[in-house]
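Report on the following structure.
The values are calculated or read from the model by the stated rules, or taken from the named source; none is laboratory data. Treat the numbers as computed from the prediction; the structure is a model and nothing was measured. Please note: Cβ atoms are built from the backbone with ideal geometry, for glycine as well, and neighbour counts cover all protein chains shown.
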Amino acid sequence: MIALLLRDLRLAFRAGGGFGLGLAFFLIVTTLVPFSVGPEAVLLGNIAPGVLWLGALLACLLSLDRLLALDYEDGTLDLLVTAPLPLEAVVSIKALAHWVTTGLPLVLAAPFFGVLLNLPTAGYGPLVQSLALGTPALSVIGTFGAALTVGIKRGGLLLSLLVLPLYVPTLIFGAEAARRGASGLDTSTPLIMLAGITFGTIALMPFASAAVLRMGLR
Amino acid sequence: MSIWSYANPVKFLALSTKVQPFLWAAAAMCVVVGLLWGFFGTPDDFRQGSTVKIIYLHVPSALMAINAWFMMLVTSLIWLVRRHHVSALAAKAAAPVGLVMTLIALITGAIWGQPMWGTWWAWDPRLTSFLILFLFYLGYIALWEAVEDPDTAADLTSVLCLVGSVFAVLSRYAVQFWNQGLHQGTSVPVATGGRTVSDVFFYPLALCMVGFGLLFLALVLYRTGTEIRLRRTKALRVRAERSA
């Protein structure tokens, strides 16, 4: 398992692995928002938590289609399915690698992008907390979507259509926590709900992802 | 004779073609009588005027939009557990019907909301959950279209339906947490038996609800029959090519 994790991480970090692309996309979204809604500081501060959450979600989504597709193309996935390691563990590791290479950098970079959008001072803690709690759920749910579409040619758009509705609860609670934090309100309720969603999906989604992967590769 | 004997496509087709004329007739009668009664036979509401009459389209279609997904959930489970092709095809056949029902509910709601709430659309929990349900239907249908092998497609969409159901329920509660509503509560709570609409409006509404249910059933049977025949022609064509 650790070998698989290290392999995935190494592949991502080395040239052509696409590490940092999500981060760059996140930066571009953050840059484009003031162009589209105007540079007014108050307005930007108001929408900053939501925009940052949405940007993080889209950056996660963009990197999903290479999560399993590359392994599918070169046949690694077939080997992994027949390996002694349970497939549930394989998809969990895949999700973890995705989170380390996409979700974690987003969490760490979010405060800096918050400065660009004039996020209120009180909002930084809750923003990082909610992203740190919520992005693992995005990776795990995304792995399910990637597993669903792995055998489909040009499945990228379909993947977005399938995964985005599944992201709704995570986005609602995550952005709500960040928004409440930015306006100085208590964030514990949405954070608890977000944690519930994250741990629930981490516990259950690998089974669905593995089942779907077996069906798709049969 | 158990219900599982109708997992045999031939038996299913025989029964469904026998039942369908009656279903269509009953559905047409209920919907036509219910709508006419509702539109012309009931008085205008004291406050809402004649706009209230859109309820005869809105409530039954919303009801069937949810029940169609529920039916897909049950048939998907049957396909995953017992691998009856008819069951998977019934789920496939029900999805576009459910999609259209959701669309009707959304559009009639918007038409009613414009004069009554002063807005076509509000980010109200009920409205938002229906929009999300609409997206789930779209994704489900798109996945059916995208996968070439029919059995794999049935497998994948079944799991998507199960997972989607969980997330649809989750979204429903998340959305309620996120924004307070503008939409009124249900007028016909089945669980408690109490009603907030007067009998004058309730009887045609109930007739419309029954009619939409029957219409849904007839449509699904018809579409399932089409899917079965489509698959059969495909098999025959493959066989003909092989022998030629």
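Before moving on, here are some points about what is shown:
- Counting only helices (runs of 4 or more DSSP H) that sit wholly inside segment B:1-120, those with at least 3 residues that are in contact with a helix residue (DSSP H, G or I) (Cβ under 6 Å, 6 or more places away or on another chain), under 28 Å from B:C161 (Cα atoms) and of a type in the set (G, A, S) are B:55-82, B:85-117.
- Residue in segment A:138-158 that is in a helix (DSSP H, G or I) and away from chain B (no Cβ under 14 Å) present: yes
- Which numbered condition B:V59 fails, given (1) of a type in the set (V, I, T); (2) surrounded by fewer than 20 Cβ atoms within 10 Å (Cβ to Cβ); (3) at pLDDT 85 or above: (2)
- Of all residues in segment A:198-214, those satisfying the criterion of being within 11 Å of chain B (Cβ to nearest Cβ) and either surrounded by fewer than 23 Cβ atoms within 10 Å (Cβ to Cβ) or not hydrophobic (A, V, I, L, M, F, W, C) (or both) are A:G200, A:T201, A:L204, A:F207, A:S209, A:A210, A:A211, A:R214.
Here's the yes/no breakdown for (1) small (G, A, S); (2) assigned to a helix (DSSP H, G or I); (3) in contact (Cβ under 8 Å) with a residue 60 or more places away in the chain:
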residue: A:G45; (1), (2), (3): yes, yes, yes
residue: A:G50; (1), (2), (3): yes, yes, yes
residue: A:L54; (1), (2), (3): no, yes, yes
residue: A:L57; (1), (2), (3): no, yes, yes
residue: A:L61; (1), (2), (3): no, yes, yes
residue: A:L70; (1), (2), (3): no, yes, no
residue: A:W99; (1), (2), (3): no, yes, no
residue: A:G103; (1), (2), (3): yes, yes, no
residue: A:L108; (1), (2), (3): no, yes, no
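- Verdict on A:T189 being of a type in the set (V, I, T), touching a Leu at 6+ places or on another chain (Cβ under 7 Å) and outside any loop (DSSP other than H, G, I, E, B): no
- When B:P150 is tested against (1) at the interface with another protein chain (Cβ under 9 Å from one of its Cβ atoms); (2) under 21 Å from A:L159 (Cα atoms); (3) surrounded by fewer than 20 Cβ atoms within 10 Å (Cβ to Cβ); (4) at pLDDT below 90, only condition (1) is not met.
- When segment A:110-125 is filtered for residues that are part of a helix (DSSP H, G or I) and either touching a strand residue (DSSP E or B) at 6+ places or on another chain (Cβ under 7 Å) or surrounded by fewer than 22 Cβ atoms within 10 Å (Cβ to Cβ) (or both), the ones remaining, listed by number, are A:P111, A:F112, A:V115, A:L116, A:T121, A:A122, A:Y124, A:G125.
- Residue within segment B:113-126 that is among the aliphatic types (A, V, I, L, M) and either more than 21 Å from B:G213 (Cα to Cα) or surrounded by fewer than 20 Cβ atoms within 10 Å (Cβ to Cβ) (or both) present: yes
- One residue from B:L80, B:L89 being within 15 Å of B:S158 (Cβ to Cβ), at pLDDT below 95, touching a Ser or Thr at 6+ places or on another chain (Cβ under 7 Å) and surrounded by fewer than 23 Cβ atoms within 10 Å (Cβ to Cβ): B:L80
- Residue in segment A:112-129 that is touching a Phe, Trp or Tyr at 6+ places or on another chain (Cβ under 8 Å), within 14 Å of chain B (Cβ to nearest Cβ) and in contact (Cβ under 8 Å) with a residue 24 or more places away in the chain present: no
- Of all residue pairs spaced 6 or more apart or on separate chains, those with beta-carbon atoms under 8 Å, a first member in segment A:164-176 that is farther than 22 Å from A:G123 by Cα and within 7 Å of chain B (Cβ to nearest Cβ) and a second member that is polar (S, T, N, Q) and crowded, with 24+ Cβ neighbours inside 10 Å are A:P165/B:S171.
- The residue of segment B:153-199 that is modelled with the highest pLDDT, among those that are buried (at least 18 other Cβ atoms within 10 Å of the Cβ) and of a type in the set (F, W, Y), is B:F167.
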